[in-house]
Structures are given as structure tokens and as C-alpha cells.
Amino acid sequence: MVGLLALAACAAAGGGREGAGTAHGDADSRQSAPSMTQAPTTSAPQGTFSGAWQACAGTSSPEECSRYLLVQRGDRICGIWSYVASGQAYEGRVVARAMSATQARRTHVCGRPGSETDTECVDSWQRIDRPLLLCDGKLGDMARADGECFADYEAAPSLEREWTALQAEPWVHDCLSNGP
């Protein structure tokens, strides 16, 4: 009896993940492939924002793409961001809270001082209030002037190894449980 209940619970949890990939827009051809927006195992944190995302428009090499690697458990989102500007690499950590399957607010950030933060992670967290949005199968970190979603970060299956490693980081476990 206990085994059947456990099996039923696993089946129900798996069914919830199926819809997570399409909750943020039209199901296009990218969604039919294994999606980085879904956790690879049942024990990993899950949510529509989870995954590896990158924006490469205007870059001359993949190393210059802007990136978010995000892990979501419930409404809590924790991860890392990176970008290159003027030949310099910037990276750091981010904490956000999901308000729906397609909208979240970044609440804390830290990292190499630049346009995203002025606070090093070894020092503390900087409080912010900026969006994370999902639309048309992409992630955005800003809205258009009219409030419409602007998303240019695409799912990046090539970053699966980095995303998986991020999930094992002690600070991510702490962030998902307690937050800054």
C-alpha cells in the first residue's frame, strides 16, 4: 500500500513538470526537445524559471553571451548571472521570487561591480527590485517601456553541465531554503 502511494505521488509530481515547459508561452519547436527549463531529476528543484539561459545577439563568440543559470524551488529562485561589456567579464549571484509561472522579481544581487551590482558577494547582498519574465519561450530581465515582456535569453542546453553543477553548490541550497 505504501509503495502504491509513493508511486502515485511520483506520477503526480511528474505530471506537473510536463506543463511547466509550456506555461510561459506557445509551445514551439524548442519545447519539444529536452528543455533546460525543467530539472533533470525528480530530486532537483523545479520551476518554470529553472535552467540555463543565454543571450548572444551582437556577440562575436559564445564566451561573450550574457547568461543566467537559475534554480527554482517553489517561488524561490537562486542562480548566477554573467555578461561581457567593454572586453570585461562580469558575474555574480541573484535571488528572485516568482509571482507567477511567467513573472518574478529579482530581490538581491551581488558580484563583480558593474551595471548589475555595486556589492561584492564576499561583502553582502545588494537589495534590488527588477523583473525576470518568461514570454514566448524566452527569459527576459527587463520590460519594454509599455510594460510588455522583452525576452532575449534563450534556453541553452549547451550549459547543462554548468547548470547541474550550480544545483550542487552549498550557497544555492542555503539560498533556496533560507535566502539572504
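Full extension of the chain between residue 99 and residue 158 gives 18.4 nm of extra length, using 0.36 nm per residue less the Cα-Cα distance. Relative to the current alpha-carbon distance between residue 75 and residue 165, full extension at 0.36 nm per residue lengthens the span by 30.3 nm.
Computed from the coordinates by the stated procedures, all read-outs in this text should not be read as laboratory data. In this text, all values refer to a predicted model and were calculated from it rather than measured experimentally.
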